[in-house]
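Q: Can you read through this structure? Questions will come right after.
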Amino acid sequence: MQQTDRTDGSEEQAAARASISRRKLLASVGLVSAAMAAGTVMSRITPGYARSKDGEVVDSVYENIAGKKKTKLQPLISMTGPIVNVRDFGAAGNGTTDDTAAIRSAISAVPEGGIVYFPIGTYLVTGNLSVQTNCITLEGQGCHSKIVYTYEQTVADTEQTASLFTFQAGLTGITVKRLNLHYTGTFFPNVGESYNGKVSALLFNRCEDVLVEKVDISGFNANAIYVSGTSSAYAKRFKVHQCYLHHNRVAGVLFGYVEFISIVDCDLEYHGSQLDGGTGYGCAGFSGATPMHIQIIGNRANYNYRKGIDLHAGLNAIIEGNICHGNRLYGIYAVGPRTGNVTIRGNFISGMRRQTIGIPSPYTWITGISFGHYSTALTPYEYENYLIEGNQLTDFGMGEGDAYPIYGYFNFQKGNVQIKNNVIRAGRISYLILLSTATSAGNRDTKVDVSGNQAFVEECTEYTLYLPQCKQLNVQGNQISTHQTNRHDGVVVVDNGSLKTLTYICNHIEDSLIAQPSAMKGYNQTWLTSKSFKAGNFLNGTLE
């Protein structure tokens, strides 16, 4: 709850008022509680704060109560507006009484601009709660206002009918704050059951101007928060802020056709199932849609059973300042036929080093950062740009199978890729940086810059850097220490293809198994020698 500090008078007056007795303070708390419980729809908050001669507050937080003295207290609800208390509609909040009908009545009664208030308690809900009113707030008292959802979905259910709260199509101005939502129904934990669940906690269907803040959501067999729209009618302007979303089957936040979504300062942990690698995302933009204008900033996306942060689809995205620790298959993933113009910057990815992947095929590899277009042919977008900058990958690698710290799908016709100033410390990996190309590359107006990276790798089973067909390539100022066990004819490998210019300068490469006079290798060595500029590079401490 947001608190504001109200001060009146001098410091000397404040000191005098501080002498109020503990008995009066306790009495004042009781009066405020009584005021909050009174009335079906409470009046707009009017602090007032008139003072008596001895400096005590005599006006109620919500309404005037003549002659009642109490100390100044802040409102227990953070927003102003008509307040509908679910207790006034018969909700018991004792954890055993079915409060579904009472909460439905309270939601139906709230006017636009109002608040549905859940006082401290545990509310048992056995069926879907549908919200159909614009500009309302659902709010409780944090972890003390808990809703336990016990509904068991049926074969006929959809996400709309099975989810806890369903916000109907086209609603605007929705806020959900300070609630604890928990599901106790079937979780579908096994391999092949990834998307069997239909029960999300908060399902928003083509809504606009939505804030979800300081909400704890766990145990749902689909998603904690699901934001959907259509290709012709996007959801718009969503913010998920300071939420604790954990132990849900698919994702903390799953979003599809949405424009302008921010996920900021949240804990996104333990999503998916330990038995299955098919789902488990801290947050995810799903592949069947095209979300746009995305901010995923300053979150802790840890111990998810598939990916920490996922964009199977997403245009114009910033993924910045996140901590992704202990995720099983991917740290950050921004790959898909409708994914582009992505910045992945200043993230910490760690805790992915292990001997084996620990789940059945086809899951045989891990990736720290993956980006680009995944397709067998070039995509038609005019330009795509990817910036992978200032990330740190530590405690990464796998004893058996493949491990890729940075993997790019380079399947677009025009654009730029910059992989700059990243720091990588890893055990056994396959490639350090791998940029794969489409089956049919064709002529491409693309530019790649790999510069300022530092890497310390215990073992590399393939080429350390595998760089793609592109128009212009810059490899500059990298410091790489590796130990290639299978490839001994080059550390930096260039697929010439449509390459027109190559700059390779001031790189420091160390690999005791490389005997070549140069760390750079090209598929057309004659072309590579005649069409590139190379200067100031060191291989194993010797100037090339």
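Coordinate-derived values only; no laboratory data. This is a predicted model, so every value here is computed, not measured. Cβ atoms come from the backbone with ideal geometry, glycine included; neighbour counts cover every protein chain shown.
Q: Given a Förster distance of 25 angstrom, what is the FRET efficiency for Leu543 paired with Trp365, based on the Cβ-Cβ distance and rounded to 0.05?
A: Approximately 0.10, to the nearest 0.05.
Q: By counting other Cβ atoms within 10 Å of each Cβ, how are Tyr431, Tyr374 ranked from fewest to most?
A: Tyr374, Tyr431
Q: Right, here's the next one. Contour minus end-to-end for Asp157 and Gln472, with contour as 0.36 nm per residue of separation and end-to-end as the Cα-Cα distance?
A: Answer, rounded to one decimal: 108.1 nm.
Q: Charges on Cβ only, +1 for Lys and Arg, -1 for Asp and Glu, centred on the Cα centroid of the stretch 361-544; of Ser498, Gly368, Asn385, which one is farthest towards the dipole's positive end?
A: The one lying farthest along the dipole's positive direction is Ser498.
Q: Given the Cα-Cα distance of Asn416 and Cys143 and 0.36 nm per residue of separation, how much length would full extension add, in nm?
A: 93.7 nm
Q: Work out how much length Thr356 to Glu112 would gain on full extension: take 0.36 nm times their residue separation and subtract the Cα-Cα distance, in nm to one decimal.
A: 82.4 nm
Q: Name the long-range amide H neighbours of Ile263: under 5 Å, sequence gap of 5 or more, or other chain; modelled H, no Pro or chain starts.
A: Under 5 Å from the amide H of Ile263: Val240, Gln295, Ile296, Ile297.
Q: Let me ask something else about it. Using a cut-off of 14 Å between beta-carbons, work out the net charge of the residues near Gly336 (Lys and Arg +1, Asp and Glu -1, Gly336 not included).
A: 0
Q: Could you tally the net charge around Gly326, taking each other residue with its Cβ under 14 Å from the Cβ of Gly326, Lys/Arg +1 and Asp/Glu -1?
A: +3
Q: Evaluate the charge dipole of the stretch 301-374 about its Cα centre and quote only its size in Debye, nearest 20, assuming +1 on the Cβ of each Lys and Arg and -1 on the Cβ of each Asp and Glu.
A: Using only the charged Cβ atoms, the result is roughly 160 debye.
Q: Moving to a separate point now. For the residues Phe220, Phe396, Phe456, Phe533, what sequence is obtained by ranking on other C-beta atoms within 10 Å, fewest first?
A: Least to most surrounded, the residues fall as Phe533, Phe456, Phe396, Phe220.
Q: If you don't mind, there's one more thing I want to ask. Taking the Cα centre as origin and putting +1 on Lys and Arg beta-carbons and -1 on Asp and Glu beta-carbons, what dipole magnitude results for the stretch 361-544, to the nearest 20 debye?
A: In total the dipole reaches around 580 debye.
Q: Considering only Gly358, Gly278, Thr290, whose Cα is most displaced toward the positive end of the charge dipole of the stretch 248-386, charges sitting on Cβ of Lys, Arg (+1) and Asp, Glu (-1)?
A: Looking along the dipole axis, the top candidate is Gly358.
Q: While we're here: Given labels modelled 7 Å from the Cα in the Cβ direction, how far is it in nm from Gln295 to Asp489?
A: Label-label distance for Gln295 and Asp489, simple model: 5.0 nm.
Q: Cut-off 16 Å, label point 7 angstrom out along Cα-to-Cβ of Asn196: give me the residues of the stretch 274-288 whose amide nitrogen falls inside.
A: 274-280
Q: Using per-residue counts of other Cβ atoms within 10 Å, averaged over each peptide, order 170-181, 188-199 from highest down.
A: Ranking, from highest mean packing down: 170-181, 188-199.
Q: Given points 7 Å out from each Cα along the Cα-Cβ axis, report the Thr126 to Thr96 separation in nanometres with one decimal.
A: Modelled inter-label distance: 1.5 nm.
Q: Ok, one more. Quick check: net charge around Cys207, other residues with Cβ under 15 Å of its Cβ, Lys/Arg +1 and Asp/Glu -1?
A: Taking every Cβ under 15 Å from that of Cys207, the sum is -1.
Q: Same structure, new question: Counting other C-beta atoms within 10 Å, which of Phe165, Phe371, Phe538 has the fewest, and how do the rest follow?
A: The most exposed by this proxy come first: Phe538, Phe165, Phe371.
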